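Engineer: The structure follows.
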Amino acid sequence: MQENREFDIILWGATGFTGKLVAEYLYKTYGNTPDLKWAMAARNTEKLEKVRDEVADDTIPIIIADSKNEQSLIELSKRTKVVCTTVGPYDQYGSLLVKVCVENDCHYCDLTGEVPWMVKMINLYHDMASSKKLKIVHTCGFDSIPSDMGVYFMQQQAKAKTGHYAKQIDMRVKAFKGGISGGTYASLAGMIENAEEDKSIYGILNNPYSLNPEGEQYGPDQKDLQKVVFDKVSDSWNYPFVMAGINTKVVRRSNALMDYEYGKEFRYSESAMTGKGISNRMKATAAAASMAMLMLAKPGTFLKRVVDKKTPKPGEGPSKEERENGFYDMRLYTRLHDDTTVIGKVTGDKDPGYGSTSKMLAEVAIALAKDELSDTYGLLTPSVAMGDALLKRLQDNAGLTFTYDINEST
Ligand SMILES: NC(=O)c1ccc[n+]([C@@H]2O[C@H](COP(=O)([O-])OP(=O)(O)OC[C@H]3O[C@@H](n4cnc5c(N)ncnc54)[C@H](OP(=O)(O)O)[C@@H]3O)[C@@H](O)[C@H]2O)c1
């Protein structure tokens, strides 16, 4: 049904901080050729033309669509194989787009980390997307591609090398450098605001399995780490990792969607590590405190006003220099079937949230439009939707590395 569409990809939200980076990457890396037909979309013509002048040229078509105008979104989704959206907060602007993509046979990818909104979308559209053979893929940025694809990679390797999937993987962020954008802060603040208005949302945020299919929202894992601890797995002080609440649920959904290929008892956790000794304990405590500030900045509080002042506004984010100098390094402590452990590693160049995220999202959109993918459909995780094809793209084009055993690699 997707044959003869005018475009392979329409990037919606190209005027935003992250959308502009995605457009820049697509143009620099793939240009405008018949091999990849893409267009830039946003709600404001003047702004969109200005961004196009800055990052591409006028051979890239532009399209106007507003989240409040359903007809504009229908037209968007009918013209392309894939809509790639950076228009967020997604809970605020994204629901109608998911609906029209499913109704008009269009694949979809985004950068959301808003778990309650994802639950809503799964409940509304998973079955229809699945029966229409569409891939609708959330969390295609730093949350949750390195985690989800890192686990996928380790499990494929473990199976190939030992004949069994691993029993447990504990991801520990060893180091990262990067900042936050106004859109990301608005999405986080929006989620907390919604949860304060409707306390049942905390139930979704606190359930480790809330992204699993209905009736399967249980398993051996507990809530993510909430405080500073000395972690035996990594032999290091650990503090809560800000993305764990999203990533761990995505990894568990991947296992569920694959009919529990890793086993119903498979366990997964995430936190961030600083090292041994008193100074690293203090570092972990300081990092945990700044994360707690973000989470405790509830609507109407003095803390919220302080945090609002210190964080970027929509459209703003880390500078080019900060993005270029950013990186991340994550370790995957992988307990194999015989209880031995291998330590895997996932790294990315550029800052996680924007420099690296924009490349990951663009490669996802291309994979959905161009690659030969599995016949699994519905509201999927990145690894279930794209598996090996995405793993290859991330390593070949997007600056990520995946290593199975760091003790054996140089
Ligand atoms: N998962 C990750 O790793 C990751 C990383 C980065 C970003 N994100 C997420 O991506 C989203 C975007 O972040 P950002 O910092 O790029 O945000 P941003 O700079 O505020 O950009 C938001 C975009 O949405 C557009 N928009 C707003 N209201 C709209 C409407 N009614 N109709 C159509 N378009 C509308 C804006 O258009 P105008 O320019 O006209 O205002 C802009 O293009 C956020 O939800 C953020 O959490 C996730």
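The values are calculated or read from the model by the stated rules, or taken from the named source; none is laboratory data. None of these values were measured; they are calculated from a predicted model. Here the Cβ is made from the backbone with ideal geometry for all residues, glycine too, and neighbour counts use every protein chain on show.
Engineer: Could you list, ordered by first residue, the pairs with Cβ atoms under 7 Å in which the first is in region 74-99 and closer than 30 Å to Glu193 by Cα and the second is more than 11 Å from the ligand (Cβ to nearest atom) and modelled with pLDDT under 95, at least 6 apart or interchain?
Structural biologist: Pairs found: Asp91/Asn194.
Engineer: Testing Val82 on (1) under 26 Å from Glu3 (Cα atoms); (2) within 15 Å of the ligand (Cβ to nearest atom), one condition comes back false. Which one is that?
Structural biologist: (2) is the only condition that Val82 fails.
Engineer: Would you point out which residue out of Tyr328, Tyr333 is assigned to a strand (DSSP E or B), surrounded by fewer than 24 Cβ atoms within 10 Å (Cβ to Cβ) and within 14 Å of the ligand (Cβ to nearest atom)?
Structural biologist: Tyr328
Engineer: A further question on this structure: In region 295-315, which residues are part of a loop (DSSP other than H, G, I, E, B) and surrounded by 15 or more Cβ atoms within 10 Å (Cβ to Cβ)?
Structural biologist: Ala297, Thr311, Pro312, Pro314
Engineer: I've got another one for you. Pull out all pairs, ordered by first then second residue, where Cβ-Cβ is under 7 Å, the residues are six or more apart or on different chains, the first lies in region 174-201 and is under 17 Å from Gly300 (Cβ atoms), and the second is assigned to a helix (DSSP H, G or I) and within 12 Å of the ligand (Cβ to nearest atom).
Structural biologist: If the second residue must be assigned to a helix (DSSP H, G or I) and within 12 Å of the ligand (Cβ to nearest atom), the pairs left are Gly190/Asp91; Gly190/Gln92; Asn194/Asp91.
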